[in-house]
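Structure, as structure tokens:
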Amino acid sequence: MPPLKPSIGTATQGMSNRRVATVLAVAVLVALLLRLPLLDRPVWFDEACMSHQRIGTWPQLCATLYVDIHPPLFVVFMYAWNHLFGDGELALRLPALLAGLLSIPLTFWTGHRLVGQPAALLAACLLALSPVHVWYSAEARLYLPMLLSVLLAIGTFDRLLDPAPGPRRALWLLHVANVLFLLGLHYYLVAMVTTLAVLAPLFARGRSQTAMRLVFWHGLGILLLGGYVLAKRGQGAFETSQDYLRALTPAGLFDFVFDWCWTGHTLAPTAAWNSTDPLPGGVAGEWLQRLASGLGAGLLLLGTIAVLRRARSNGRSLLVLVGLLTLPGFLLVLAALGFEQTYLERSLIAALPFVFLLAAAGATLPRGAAGRALQVAALAGVTTTLVGLYVFKDRCWTVYKPNSDWRAVATWLGGEIDRGGAGRPVFTSTPNARPLAYYDARIQDVKSLQQDLDPAQLGKKVAKLGGGWLGAYAERTFRDFVAGNQELLAGAKLRVYRAKPELADLDLPHRLRDDVCYLVRDHWHPHPSVDDSIERLLQNPRVETIECFHFTGITVTKVRIRP
């Protein structure tokens with residue numbers, strides 16, 4: 001690796017600081033305006049899990065941490081956030097929105113030393129227009145904080161290894177705190193923390209004091225996370241996969257970079273929610289998709305050339321490739337080792353800004369008119385994908401499946417309660433109808449409130465690891481959690497049960513107040529090939545349809561069960 005040269009002062013090469021600040025401010029403002037319409041989307045299951053409905057009390061928080069597939073940081077943060085600001089739709093999504101907006105200037109801050117000022121500024125603008133970034137900036141989940149933290153980690157790592165003298169104490173504190181933050185957000189981010197620790201001596205050209213300090217702090221963070229994982233495994237509640245995940249393959253990696261990251265799947269969406277057929281105009285969308293993917297592939301190829309050229313004088317420019325490839329490479333290795341359920345696009349979202357940094361480096365590599373044409377093409381291409389997002393987001397699978405309108409369904413069912421329908425059962429094929437309770441506490445999902453683990457058994461498990469006092473405290477807390485769930489269920493006016501394809505399996509004699517019940521079908525999850533129980537119930541000759549209502553992504557059928 002070539003010797004590293006100081007990078008101090010490169011921030012102002014090209015445009016003046018004032019012009020750079022102006023462009024970034026405009027990009028952030030445009031980003032905010034683009035994201036505002038999505039903030040009013042109905043809350044879906046994962047977001048409802050971040051609300052008072054699931055983590056509103058201390059026992060609920062502890063029970064959630066016990067079973068959650070992620071490290072504890074984001075859930076604990078949302079527990080505190082909700083108590084300070086409430087858990088309305090806007091309040092729930094505000095942390096992700098702020099992280100998304102901050103990541104736009106941070107892309108420039110991290111990237112201008114690695115790919116140059118023009119490319120970093122273009123990348124920040126592309127990120128502001130990205131359908132994927134827009135989508136997850138308006139979702140109450142941990143994915144945009146992950147992206148923000150990885151950007152910050154690479155930016156501070158680069159500056160700490162810069163041989164130029166300068167104040168470092170604040171930078172060290174920021175970097176170490178952010179590494180701990182990363183490890184507390186998502187288990188996959190341990191791959192990024194480990195990779196940076198391994199690279200520190202290489203980029204420093206030896207075991208310098210700075211490199212060894214980086215190795216120490218990263219190693220300490222990994223040890224702390226390892227201790228947490230061992231403790232959780234000791235309780236028998238540590239999950240390594242979920243059935244909705246899949247294995248990352250080389251073909252899947254290509255799709256991730258050139259379709260999902262670059263276009264958000266918005267130019268050739270799969271199907272309307274109420275149809276399995278392609279949308280009209282699908283052929284044109286397919287050609288647009290191929291054109292956009294080809295543009296992205298070309299820009300990333302040029303960007304790789306540009307980064308490798310810059311690496312001759314500043315080896316740390318390779319950090320752009322590190323940011324892009326570390327997490328996907330980690331999941332490719334997991335798949336090769338036989339872990340088949342580990343991948344979903346959003347779990348790799350931290351690679352998104354590095355896709356744009358690399359593409360922007362490619363767009364700014366040619367000089368003169370050719371370079372300007374590539375930059376305009378990149379901006380035009382991403383803008384086109386953004387238009388596709390707004391056209392299809394409510395009826396097609398784009399960045400992710402649309403948010404089914406549980407808010408409207410809860411309002412309608414609440415009206416049924418007011419009209420005398422309290423006590424009737426609701427059956428749904430949805431694995432968990434938690435959003436109904438978020439919008440109307442009189443509607444409770446039975447599955448969400450049932451717990452298989454006995455509080456005494458939990459207390460014994462905890463006592464083996466943490467001692468008798470901690471075991472007793474865990475038992476009391478879990479008993480309070482179970483009691484709270486029972487209270488919610490007892491106060492429910494409508495109870496939601498899992499649908500079964502046969503009437504005999506629904507336990508109707510114990511659930512029917514009269515001969516009427518409600519069948520709720522979320523058309524986006526699960527697919528009928530996975531669960532067609534609602535469809536089969538509606539075909540039963542004993543089931544008579546009284547009314548049928550169609551909401552975005554959901555159909556509610558009020559039926560009478562004949563003897």
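Let me make sure I get this right: for segment 329-456, a, b and c are the square roots of the gyration tensor eigenvalues over alpha carbons, sorted descending. Under 1.5 in a/c it's rounded, otherwise prolate if a/b > b/c, else oblate. Which is it?
Judged from the Cα gyration tensor, segment 329-456 comes out oblate (a/c at least 1.5, b/c at or above a/b).
Would you work out which of Leu337, Cys261, Leu318 lies farthest towards the positive end of the dipole of the chain, given +1 charges on the beta-carbon of Lys and Arg and -1 on that of Asp and Glu, about the Cα centre?
Farthest towards the positive pole: Leu318.
May I ask you to compute the full-extension gain from Arg513 to Asp46, defined as 0.36 nm times their residue separation minus their alpha-carbon distance, rounded to one decimal in nm?
Going from the current span to full extension adds 165.0 nm.
If you plug each phi of segment 88-95 into the Karplus form 6.51 cos²θ - 1.76 cosθ + 1.60 with θ = phi - 60°, what whole-Hz ³J(HN,Hα) values come out, in order, with x for Gly and Pro?
Listing the rounded values in order: x, 4, 5, 4, 4, 8, 5, x Hz.
Express in nm, to one decimal, how much length is gained between Thr270 and Val387 on full extension, taking 0.36 nm for each residue of separation and deducting their alpha carbon distance.
Roughly 40.5 nm would be gained on extension.
Stretched out fully, how many nm does the piece from Arg479 to Phe85 gain, at 0.36 nm a residue minus the Cα gap?
Extra length from Arg479 to Phe85 when fully extended: 139.0 nm.
R0 = 51 Å: FRET efficiency of Ile305 with Gln539, Cβ-based, nearest 0.05?
0.30
Roughly how big is the chain's charge dipole about its Cα centre, with Cβ charges of +1 (Lys, Arg) and -1 (Asp, Glu), in debye to the nearest 20?
Approximately 2020 debye in magnitude.
Can you sort Val75, Val193 by how many other beta carbons sit within 10 Å, fewest first?
Ascending Cβ contact count within 10 Å gives the list Val75, Val193.
Once you put a point 7 Å from the Cα of Leu488 and another 7 Å from the Cα of Cys62, both along the Cβ direction, what distance in nm separates them?
In this crude spin-label approximation the distance works out to 1.7 nm.
Under the classification rounded if a/c is under 1.5, otherwise prolate if a/b is larger than b/c and oblate if not, where does segment 406-561 fall, given a ≥ b ≥ c as square roots of the Cα gyration tensor eigenvalues?
Verdict is prolate for segment 406-561.
Among the DSSP beta bridges whose two residues both lie in the chain, what percent are antiparallel, rounded to the nearest 5?
Bridges in the chain that DSSP calls antiparallel: roughly 65 percent.
What is the log10 of I(q)/I(0) for the chain, computed with the Debye formula using one identical point scatterer on each Cα and no solvent, at q = 0.07, 0.09 Å⁻¹?
The Debye formula, applied to the Cα set alone, gives -0.46, -0.75.
Could you grab the relative contact order for the chain? Cα pairs under 8 Å, six or more apart, rounded to a whole percent.
Reported relative contact order: 17 percent.
Taking Cα pairs under 8 Å and at least six residues apart, what relative contact order does segment 406-561 come out at, in percent?
29 percent.
Roughly what angle does helix 282-310 make with the longest principal axis of the chain, taking Cα atoms, 0 to 90 degrees, to the nearest 10?
Here the helix axis deviates by roughly 40 degrees.
Which of Cys125, Cys548 has the fewest other C-beta atoms within 10 Å, and how do the rest follow up to the most?
Lowest count first: Cys548, Cys125.
Using +1 at the C-beta of Lys and Arg and -1 at the C-beta of Asp and Glu, which of Ala474, Gly420, Ile554 has the Cα lying farthest in the positive direction of the dipole of segment 406-561?
Result: Ala474, furthest along the dipole toward the positive end.
Please state the shape class of segment 146-205: rounded when a/c is under 1.5, otherwise prolate if a/b exceeds b/c and oblate if not, all from the C-alpha gyration tensor.
Cα axes put segment 146-205 in the oblate bin.
Semi-axes, largest first, in whole Å: what does sqrt of 5 times each Cα gyration tensor eigenvalue give for segment 419-511?
In descending order the semi-axes read 32, 15, 11 Å.
In which sequence would His52, His527, His133 go, from the one with the fewest C-beta neighbours within 10 Å to the one with the most?
Final ranking by Cβ density, sparse to dense: His527, His52, His133.
Within a Cβ distance under 15 Å of Ile305, other residues only, what is the Lys/Arg minus Asp/Glu net charge?
So the surrounding residues net to +4.
Please give the net charge around Ser137, taking every other residue with its beta carbon less than 11 angstrom from that of Ser137, where Lys and Arg add +1 and Asp and Glu add -1.
With Lys, Arg at +1 and Asp, Glu at -1, the net is +2.
No lab work stands behind these numbers, since they all come straight from the coordinates. Given the structure is predicted, the values throughout are model-derived calculations rather than measurements. Note that each Cβ is placed from the backbone with ideal geometry, even for glycine, and that neighbours are counted across all protein chains shown.
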